[in-house]
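Chemist: Here it is: the structure, laid out below.
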Amino acid sequence: MHVATTEHMGGATPGEEKAEEEEVVVEKMEGGEAVEELSSWIKPSGGVSVVFEMFLRPRHQELLDAFLKEAQAETPAEAMEDVEELETRLEAAGRSGFTTQHYGQLLLLARELGDVTALAGFPPRSDAEDSVKVAAREGYAAGLARARAEGSLDIAASLGPEVEAAACALPCESHFNVFESIFTGRDPNDRDALTNNFRRIFPAQCVADAICAATVLERLAAGDRVLVILGCGHTDYGFGVPQRVELGLQALKHRLQNEGTGMLEPYRGGTDLFEPKEAPAEVDFTEHAGLGAVRITSRCARLAASL
């Protein structure tokens, strides 16, 4: 498993990746670079999915589907000719505090290309009982239980309970160290200065990470290349979504290998998250305020295509 983080898009293109058994690549990109990346992925042999962290599952998914299929809409009421119309409908459905126009270029390109699936990757934010609020109030396990009940976390049936358990593994202290430092500006390598500030909302962040990772895993298992648009706080130093995608892929690979050999040994990983490399000694966290794009691909997707 390979995890790499860079400030800008660079290095190998999808077609030039190392021919490893499986690979997870994480690269931060500017908006224009994300559009170029998506354009380069369209090939006759495979599907492409774009997961948007800021759209809410499952409430916004119907609107995203309708927008991408505008050309096939049977009635004017079903059609959405532009991003402004999509934004109006999202406003009526309730949103998560973002401007749709920021992602309009990607959405329009996805519709133009025609062979792209756009997916909402964030849990619903509706009332006091949504999974994010429950996690902040009652803890990580309660938040996950609520996510399953509300329908925003549902990969156990499609990929297996072990894959879901791996994607939803317990948060680790190193992740909280980075999470807290983003808010306080503390040097993340100075563990002695780590406070318990923001400890209460950390489980909510992890529930959101798990739900987004589960969405990504579903598409990787279907054989797609996956482009994920999300805030830097969900990716810094390999924590958050990339970390959970990698754990889920490990569990998925184990399941596929067992099915191929007839062996049904239990998967014993995924109980604790691995520890990515330490943060650099000096970090300017003001650079992490904006939204970026993350490319996550996996060789394991080829194995999973038969699911």
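The values are calculated or read from the model by the stated rules, or taken from the named source; none is laboratory data. As the structure is a prediction and not an experimental result, all values here were calculated from the model. With ideal geometry, Cβ positions are generated from the backbone for all residues, glycine too; neighbour counts draw on all protein chains shown.
Chemist: Being under 20 Å from the mean Cα position of the chain (by Cα) and surrounded by fewer than 17 Cβ atoms within 10 Å (Cβ to Cβ) is the filter here, so list the residues in the range 116-138 that pass it.
Modeler: The answer is 125, and nothing else.
Chemist: Scan 145, 141, 165 and give me the residue that is modelled with pLDDT of 90 or more, under 18 Å from the mean Cα position of the chain (by Cα) and assigned to a helix (DSSP H, G or I).
Modeler: On inspection, the qualifying residue turns out to be 165.
Chemist: Can you tell me which of 180, 173 is without any contact (Cβ under 8 Å) to a residue 24 or more places away in the chain and crowded, with 19+ Cβ neighbours inside 10 Å?
Modeler: Residue meeting the stated conditions: 180.
Chemist: Next question, about the same structure. Of everything in the range 64-99 that's of a type in the set (Val, Ile, Thr) and at pLDDT below 70, which residue is surrounded by the fewest Cβ atoms within 10 Å (Cβ to Cβ)?
Modeler: 75
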